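What follows draws every value from the coordinates through simple rules; no lab data is involved. In this text the structure is predicted, and so the values were computed from the model without any measurement. Cβ: placed from backbone, ideal geometry, glycine included. Neighbour counts: every protein chain shown.
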Amino acid sequence: MNPAAIDALFEEQTAAWPDLARGVESLERARRREFEIRGARVVAVHIPHRVASTTAPVDPGAIRRRPCFLCPENRPDAQSGIGFGEHFIVLANPFPILERHVTLVHSEHAPQRITGPASSGVGAMLQAARALPGYVVIYNGPRSGASAPDHLHFQAGRARGLPLVEAARDAVVGLLPDPWRSVLVVGGDDPVGVEEKFRRLMSRLAARFPDADEPRVNVIAAFADGRWTLLLFPRARHRPAAFVEGRLTWSPGAIDMAGLVVLPVAGDLEKLTADDIESVYGEVSLPIDAARKIVGQGGSA
């Protein structure tokens, strides 16, 4: 897997699969608004084809009742992919948010967990990021935005358009300064060391939430100039009050946490305010004081 192979996959699939062609065209036409809030840049985008993912019921009962759309027998006949490593197949996402948006699907129907073996957990994310310079690799936790929490998968897409990824590029380890979001950063040129630091932070988060299979998290991995950057977004909750009460159809995942607000419902883009953005980020993020304790005294992992 490399960027050229992803390009070839999209060329073949957009010609053979009308759903993907429509999704790519819809993304190209998407309307956007930019916000500058207390020194942080946020971009909001109206993408109607994301409504099913944004509003997907993810309670255990709903998951049990529906077929897994990532398992081979339930995928569209026109969808094909390319292999990555021993365990993953890379599929073009017919409902893209990013350019060249793909889903990296594990060969087994196993729960969404980033702390599994290196070949299928964060180690696989780092390998994918190394294989795809100029891209980001994305993980949404089973209680933090994953619409398929029952099947292990990552996503990837071109990195441009994600404001926080640019801002964090030179960070090494610590809590990224941010007015509303808790963002833990791990960086370095040694994938083993980066993975160890990440697992240490996840272990500390898990100790705060002993009743959960995995802490609420979103993760983004990127590789540039010989070094990896991992952004870890610890979460306080999945969906904000604005979603639950029907005021905004905004259910943040990793891409939203990185500064690209995905709004699938007509009208939400126009009525979104800076106050809404601050409120939602503050509500769904682990409080910054708690995140600072996870990182440790002096900001070190």
When the chain is treated as a Gaussian network with springs between alpha carbons less than 10 Å apart, the largest mean-square fluctuation among 129, 266, 291 is found at 266
One quarter of the C-alpha convex hull surface, i.e. the mean projected area of region 1-147 in nm², amounts to 10.1
Per region 3-299, sqrt(5λ) over the Cα gyration tensor eigenvalues, sorted largest first, in Å, gives 26, 23, 19
Going residue by residue through region 94-108, the Karplus relation 6.51 cos²θ - 1.76 cosθ + 1.60 with θ = phi - 60° gives ³J(HN,Hα) values, rounded to whole Hz and with x marking Gly or Pro, of x, 10, x, 10, 10, 5, 6, 6, 10, 10, 9, 9, 5, 5, 10
Percent relative contact order for region 169-278, counting Cα pairs under 8 Å at least six residues apart, stands at 21
Phi angles of region 252-269, converted by Karplus (6.51 cos²θ - 1.76 cosθ + 1.60, θ = phi - 60°) into ³J(HN,Hα) in whole Hz with x for Gly and Pro, give x, x, 4, 5, 4, 5, 8, x, 10, 7, 9, 10, x, 9, 4, x, 5, 4
If one builds a Gaussian network model of the chain from Cα atoms under 10 Å apart, the most fluctuating residue listed among 122, 261, 45 is 45
Projected onto the charge dipole of region 209-301 (unit charges on the beta-carbon of Lys, Arg, Asp and Glu, signs +1, +1, -1, -1), the Cα from 246, 218, 279 with the largest positive-side position is that of 218
If each part is reduced to its alpha-carbon centroid, region 227-285 and region 177-208 end up apart, in Å, by 21
The longest stretch of the chain containing none of the trypsin sites (Lys or Arg not before Pro) that sit in a DSSP loop with at most 12 other Cβ atoms within 10 Å is 161-301
For the chain, averaging the sequence separation of alpha carbon pairs under 8 Å that lie six or more residues apart and dividing by its residue count, the contact order in percent is 21
For 295, 51, ascending order of other Cβ atoms within 10 Å (fewest first) is 51, 295
With x for Gly and Pro, the residue-by-residue ³J(HN,Hα) of region 133-144, computed from phi through the Karplus equation 6.51 cos²θ - 1.76 cosθ + 1.60 at θ = phi - 60° and given in whole Hz, is x, x, 10, 10, 10, 10, 10, 9, x, x, 10, 9
At the level of C-alpha centres, the distance separating region 1-46 and region 79-115, in angstrom, is 16
